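Read through the structure below, which is laid out as structure tokens, and then see the notes.
The values are calculated or read from the model by the stated rules, or taken from the named source; none is laboratory data. In this text the structure is predicted, and so the values were computed from the model without any measurement. Quick reminder, even Gly has a Cβ in these numbers, built from the backbone with ideal geometry, and neighbours come from all protein chains shown.
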Amino acid sequence: MALKLKTDWILFTTILLMVFFGAVMLYSASSVMAQLKYGSSWHFFFRQLAWMAVAISAMMLLKRTNYRKLQNPAVAFPAVGIALVLLLVVYFADPNHHRWIRLGPVVGIQPSELAKPALVIFLAFFVTLRARAINTRYTLLPAALAVGLITAGVGVADLGTPIVMIATVVAVLFVAGLEWRYCMIALGMAAMGVVFLVASKPYRLARIVHYFDPDYKIVDTIDPKGRVKAYLNTSLTSRDTNYQAEQSKIAVGAGGPLGLGLMQGKQKLLYLPEAHTDFIYAVVSEELGLVGSIGVLVGFLVILWRGLRATVLIPDDFGRYLALGITTMLVVQAFMNMSVVLGMMPNKGIPLPMISSGGSSLVSTLASLGILLNVSEHAG
């Protein structure tokens, strides 16, 4: 007789609440922009609802699928292979931004978002397979190759997502027993990669410089000839990288303890760019105040709690690494987004999971959480 699993209702309810809360905040944050750009204040909301239907269906399907079925080379290797192919395709299909594969005038997919769960599944499978030889070159070199290719492919267009991926990989490998010296080597190589990706784009370097040295005092000391400033000004998007951060902090400060009220925010009225995507947390803070912003934080802390609980209680290594990888991936991304909005980090251009607008992000997030729900159910 098959064992009947019990749904992790705490995690499941938290996910649904956050998804529907995100839809409400998305309408509030995007209605003005949608009206001006598309002639309907409901444009982004209805598009998000369509993606919600797809994403929730994917989550429920994976929630009912035994996670051990993913522990298969026929799943793990094609997942990484497809992610790499899509990243290669998007490089040529979107020559300006290298982000979107358009399937029509409205619908598009973002391969970097789909690469995240693919990497977690591959990593969990490969680390489980090589658990007894985790500190040998026969494990480290193939793992480094796969991780390096995916993060490099994503990093061409997006700096935030590779950082999330690297954090996820380090967490899984550390728990799997990777020696400290290899952890330090991996972090060192990752840091060099991040430095290269930052330096390769003027607007990325400008964000870092403007965050730590807004008056160019340090830059002028190091580079009196002004070559660094000249390089930063080669991109129009690097001329005022502090604007978005300043408007975000104004929105957060204006909210106070209880907020201005739903739909009553002012910064989304064309003052705060990307109000419905990367900076939607600022709209939450302005309209719902400290109470609303803490509520979102608590939601991600619940996911962290249930994910770590599943990691500890699940009896097999594959389930453990799967739960840890998914939890780390989602929580690190969420905390990075909120830190950027609050001015605690330079802008990374990364969405807030389940809250920000974006179909690929929503599908990727809920599909991953569907897997986590199944692992949590098996953990008891």
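Where in the stretch 177-257 are there helices (runs of 4 or more DSSP H), lying wholly inside it, with at least 3 residues that are at negative phi and surrounded by fewer than 12 Cβ atoms within 10 Å (Cβ to Cβ)?
Working: elements: 180-200, 202-212, 217-222, 227-232, 242-255.
Where helices (runs of 4 or more DSSP H) fall fully within the stretch 177-257 and carry at least 3 residues being at negative phi and surrounded by fewer than 12 Cβ atoms within 10 Å (Cβ to Cβ), they are 180-200, 217-222.
In the stretch 143-162, which residues are assigned to a helix (DSSP H, G or I) and either modelled with pLDDT under 80 or in contact with a helix residue (DSSP H, G or I) (Cβ under 7 Å, 6 or more places away or on another chain) (or both)?
ALA143, ALA146, VAL147, LEU149, ILE150, THR151, GLY153, VAL154, GLY155, GLY160, THR161, PRO162, listed by residue number.
Give the stretch 359-374 a look and list any residue that's surrounded by 24 or more Cβ atoms within 10 Å (Cβ to Cβ) and over 23 Å from LYS6 (Cβ atoms), or say none.
Once the filter is applied, which keeps residues that are surrounded by 24 or more Cβ atoms within 10 Å (Cβ to Cβ) and over 23 Å from LYS6 (Cβ atoms), the stretch 359-374 yields SER361, LEU362, SER364, THR365.
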